Ligand SMILES: Nc1ncnc2c1ncn2[C@@H]1O[C@H](COP(=O)(O)OP(=O)(O)OP(=O)(O)O)[C@@H](O)[C@H]1O
Ligand SMILES: [Mg+2]
């Protein structure tokens, strides 16, 4: 069975830029994985995400999505069928004046039959918990609701992979948690998730991380592996998750907690053990 | 001022007229205009007016909604009236002063032309009051689709229209935000003469334009990501379908047109 996404020596060069925005990247993402991509501003995360669904075509190297290599407009179109993308600004990814119509947009583009579109739209809205807003106007929704509607639009196309490009960064904390747990639920249903983010708390909950720097993959591994080296992480312009930082400080103050804690749950267990 | 703007003037209720296929309504509106132009007398206008009244009634509208559309063109109606009144000659002279002469024919033509304009407005009002902008867009796209074979961008225009409709509220919100932000920094949009005020608007327009272009860019990307590549090969979730009521509407219209023609031929109530 082929990987969901695999990139070999993948590079992308914006016209007129003096260096590659994505530079010889090697990435393998298995089907059903939940992978986070981190990195400071301008490290090439968004560019990488757009290479995964053919919005950009590789300048060098190869990228395979669900087994097909993206080489030209046609294969890019095929890739987009398999790999959906949810963007940062929920306002700028809704096309229609009614939520339901917007969710249908992708299916309509694919030429799905009307009855099947209706079925899919209904199901997608149910999945994201937006059924009651089917007939609302996008501008009447909150940011989180818009983002959920946008996700429904991607879901209705029944992709194997969804790339989220900082999709929670414009939301309030509760909206952010909502969207993240929605992504987790989709992952449980077998959708491969690529989660681009600046929030370490979210990254800590992913299965694997890639940390980008200057267009290259600077670090990779499980959250525990990556965050265990706090200096390296900080050098790449990132923080370690709050709980990792807390564990470190507790340790410096002579409290003997494990140093590889990354989530609140783990911290809770650890503190209860000590108490 | 900007936040409670309703788009177009669609009056959202459920009625047989609202449920008509938008294509039927567009075509009938055009056909009604034809009838209005064909009509040669006041009795014919009476028939057309009855038809409009019937539609207003069925659409659960109030007559004053339909009449409201007259306001913006009141000047034009008045101008037509006055011009016809003074320039048309013939028949008995009613009033004469210096170089101005008002004749019976002049008065009759003036009234006739004014009524014709009012009828036209009422007809189009009926369309926009009972058809949502998006249904209107769908209808136009579908009607113009045959022309896309000779290169008419029917789908593209419809897409542009619906995106515009989608983003108008967003941009209005944004305008409000920027206005407030600029006001908080001491910008003054209200006082001074026109030039001063126009100048004050500049710091409002620049960020608005910058943001609109960024939005357009991102939206294009998002549309492409959702496999959009123009109108060919696209399906619709809710394809337009003619129903029995569309036939009824056409029937009603034909009756009116028939009446107008008969009245014309037998010169009943004709000038
Ligand atoms: N349209 C463009 N044209 C030219 N250069 C670009 C363009 N978009 C991005 N870049 C450059 O490519 C590099 C990578 O940008 P990218 O948007 O992928 O970064 P990012 O990791 O997503 O950053 P952020 O966290 O701010 O979203 C940056 O140096 C950026 O300046
Ligand atoms: Mg980015």
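Read-outs: derived from the displayed coordinates by stated rules, not from any lab. The structure displayed is predicted, hence computed values, not measured ones. When we count neighbours, we look across all protein chains shown, and the Cβ atoms used for this are built from the backbone with ideal geometry, even at glycine.
If you look at just the Cα atoms of region A:235-275, how large are its Rg and its Dmax in Å?
10.5, 35
Counting other beta carbons within 10 Å of each residue's own, what order do B:228, A:14 fall into, fewest first?
Placing the least packed residue first, the sequence is A:14, B:228.
Arrange A:244, A:47, B:179 by Cβ neighbour counts within 10 Å, fewest through most, would you?
Details: A:244 25, A:47 20, B:179 17.
Ordered by Cβ neighbours within 10 Å, fewest first: B:179, A:47, A:244.
Please give the average number of partner chain Cβ atoms lying within 10 Å of the Cβ of each residue in A:91-102, rounded to a whole number.
Details: counts 8, 12, 7, 6, 10, 6, 13, 3, 0, 2, 7, 2.
Whole-number average of other-chain Cβ neighbours for A:91-102 is 6.
Restricted to Cα positions, what overall size does the protein assembly as shown have along the principal axes? Three whole-Å values, descending.
Sorted from largest, the Cα extents of the protein assembly as shown read 112, 59, 52 Å.
What residues of region A:153-169 lie in the reach of a label at residue A:116, counting those whose backbone N is under 16 Å from a point 7 Å from the Cα along Cα→Cβ?
A:155-160
Stretch residue A:265-residue A:132 to full length: gain in nm at 0.36 nm per residue minus the Cα-Cα span? Working shown, then result.
Values: separation 133, 0.36 × 133 = 47.88 nm, distance 3.34 nm.
Working it through step by step, the gained length comes to 44.5 nm.
Could you work out which residue, out of B:122, B:33, B:237, moves most in a Gaussian network model of chain B, that is, has the largest mean-square fluctuation with Cα springs under 10 Å?
Sorting by GNM fluctuation, first place goes to B:237.
If you count the DSSP beta bridges with both ends in the protein assembly as shown, what percent of them are antiparallel, to the nearest 5?
Around 55 percent of the beta bridges assigned by DSSP in the protein assembly as shown are antiparallel ones.
Which of A:167, A:43, A:136 ends up with the largest GNM mean-square fluctuation for chain A, with Cα atoms connected below 10 Å?
With Cα springs under 10 Å in chain A, the top fluctuation among A:167, A:43, A:136 is at A:136.
Relative to the first principal axis of the alpha-carbon coordinates of chain B, what is the inclination of helix B:244-265, with its axis defined by its Cα atoms, in degrees from 0 to 90 and to the nearest 10?
Between the helix axis and the principal axis of chain B, the angle is about 40 degrees.
For chain A, find the longest principal axis of its Cα atoms and tell me its angle to the long axis of helix A:114-127, 0 to 90°, nearest 10.
Long axis of A:114-127 versus the principal axis of chain A: about 20 degrees.
To the nearest 500 deg cm²/dmol, what mean residue ellipticity at 222 nm is calculated for chain B from DSSP H runs of n ≥ 4 alone, each contributing -39,500 (n - 2.57), summed and divided by the residues? List each step's numbers first, then the result.
Values: 10 runs with 182 residues, N = 271.
Theoretical 222 nm ellipticity from helices: -23000 deg cm²/dmol.
Could you give me the radius of gyration and the Dmax of chain A, taking only the C-alpha atoms into account and expressing both in angstrom?
Here Rg and the maximum Cα pair distance are 19.6, 65 Å.
Given a Förster distance of 35 Å, report the FRET efficiency between residue B:93 and residue B:54 from their Cβ-Cβ distance, rounded to the nearest 0.05.
After rounding, the FRET efficiency stands at 0.30.
Using DSSP, restrict attention to beta bridges with both residues in chain A and report what percent are antiparallel, rounded to the nearest 5.
Bridges in chain A are about 50 percent antiparallel.
For chain A, what is the relative contact order in percent, using Cα pairs closer than 8 Å and at least 6 residues apart in sequence?
The normalised contact order for chain A reaches 22 percent.
If you stretched the chain out fully between residue B:240 and residue B:261, how much longer would it get, using 0.36 nm times the residue separation minus the C-alpha to C-alpha distance?
Result for the pair: 4.4 nm of gain on full extension.
What's the angle, to the nearest 10 degrees (0 to 90), between helix B:22-38's Cα axis and the longest principal axis of chain B?
It is inclined by approximately 30 degrees.
Full extension from residue A:188 to residue A:251: what is 0.36 nm times the residue separation minus their Cα-Cα distance, to one decimal in nm?
Length gained between residue A:188 and residue A:251: 19.2 nm.
Report the calculated FRET efficiency for residue B:143 and residue B:38 (r = Cβ-Cβ distance, R0 = 25 Å), to the nearest 0.05.
Efficiency at R0 = 25 Å is approximately 0.70.
Using Cβ contacts closer than 10 Å as the measure, can you line up B:156, A:266 from fewest to most?
Listing B:156, A:266 from fewest to most nearby Cβ atoms yields B:156, A:266.
When DSSP beta bridges are limited to those with both residues in region A:92-245, what percentage is antiparallel, rounded to the nearest 5?
The antiparallel fraction comes to roughly 50 percent.
GNM on chain B, C-alpha springs below 10 Å: top fluctuator among B:88, B:182, B:125?
Maximum fluctuation in the GNM of chain B, among the listed residues, is at B:182.
Counting alpha carbon pairs within less than 8 Å and at least 6 residues apart, what relative contact order, in whole percent, applies to chain B?
32 percent
Just grab the label-to-label distance for residue B:200 and residue A:19, each label 7 Å out from Cα along the Cβ direction, in nm (one decimal).
4.8 nm
Can you give me the relative contact order of region A:91-158 as a percent, contacts being Cα pairs under 8 Å and 6 or more apart?
49 percent
Decide, for chain B, between rounded, prolate and oblate: order the square roots of the alpha carbon gyration tensor eigenvalues as a ≥ b ≥ c, take rounded if a/c falls under 1.5, and otherwise choose prolate if a/b is larger than b/c, else oblate.
Here chain B falls in the oblate category.
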